[in-house]
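First up is the structure itself, then whatever we jot down about it.
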Amino acid sequence: MSDEWAQVTAARYDRIILVLVPAFVISQYALYRLMHAFWKPRLTTQALEHYGASKALDARGKQAFMREASGCVWNCVFHTVFGSTAMYSACALLGSQPAQALGDYQELLVSGEATALELQEVGALLGSVFAALMVHFTFYWFCRWDTDPLQLFHHFAFIGVSVVLARRSAMPFVGLFAMAMECSSPALAVMTLLRQLEGELYQRISFVATVSFGLLFMASRVFMFGYALLSTLRVRFFTLAPMPSHVPGWEFDLVLFLLTCGWVLQLHWARLIVRKFRRHMRKADGKSS
């Protein structure tokens with residue numbers, strides 16, 4: 001790989017982050033201000049209790065709800081486009097050879113693998129956007145819009161992953177499937193928002209979103225990402241396939257470690273989802289009997 005190509009790839013990564021992070025932060029805050037000023041929702045009793053109110057939200061409760069609601073709307077719109085694009089690109093790499101999956105630019109260039117090179121560039125571009133998204137989420141975490149320490153680890157881990165995936169343009173197979181996990185996020189956003197709103201229609205839509213989220217979570221985050229990760233680990237440690245020459249070996253292994261930690265975190269969340277589902281089913285059986 002030429003030094004010029006490496007410089008162009010790195011410069012694109014830096015430029016996208018510098019442009020998109022302020023755009024993401026400002027757009028979400030503008031949406032928050034707009035919803036806070038003009039939207040007057042009716043919340044369920046459980047939602048009111050969650051925000052420390054009995055009949056109506058006070059100023060602090062309204063701020064907390066609008067922060068969460070604006071985040072749900074923003075994430076739903078963004079991830080509908082981003083997640084579906086990443087999933088479509090990731091599926092195009094299914095069955096790829098090691099040089100294609102690992103993103104060995106030199107090997108692909110010599111062999112004339114134009115399609116694989118194009119998908120690698122798509123992965124690097126989406127990875128740069130994803131890095132900007134994680135920095136944006138981290139900003140709002142430090143603003144206390146989110147307080148879950150696991151989410152902070154998630155954000156920092158995938159910022160680190162994006163350096164190899166996007167800044168060095170490598171590992172497109174597992175990287176694209178990591179980003180494709182976000183295809184479950186729109187359903188999560190719809191579920192999180194609508195279950196707090198009073199009204200039968202909202203609750204029905206929330207139920208559909210809950211089921212959709214559970215299925216998409218298991219499919220994209222547990223099985224598909226897990227398959228891509230385990231396949232990459234197999235190639236790295238149990239075959240003689242050469243690693244991309246433009247990525248230091250320690251960076252490659254560090255990214256695999258971070259991705260493995262990320263998958264373990266997804267398995268932890270999957271266990272919680274299954275437990276909630278089983279608890280809900282037991283309650284439903286109790287009511288029916």
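Every read-out reported here was derived from the displayed coordinates using simple, explicitly stated rules and does not represent laboratory data. Quick caveat, the model's predicted, so the values are computed rather than measured. Ideal geometry is used to build each Cβ from the backbone, glycine not excepted, and the neighbour counts take in all protein chains shown.
Results, tabulated for the structure shown:
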item	result
Evaluation of residue 13 against (1) free of Cβ contacts under 8 Å to residues at least 40 places away in the same chain; (2) under 23 Å from residue 136 (Cβ atoms); (3) aromatic (Phe, Trp, Tyr) (one fails), failing number	(1)
Cβ-Cβ under 9 Å pairs, at least 6 apart or on other chains, the stretch 98-123 side on the phi > 0 side of the Ramachandran plot, far side in a loop (DSSP other than H, G, I, E, B) and buried (at least 18 other Cβ atoms within 10 Å of the Cβ)	103/168; 103/169; 103/170; 103/171; 103/244; 103/246; 103/247
Selection count, the stretch 30-71, where residues are among the hydroxyl-bearing types (Ser, Thr, Tyr) and free of Cβ contacts under 8 Å to residues at least 12 places away in the same chain	2
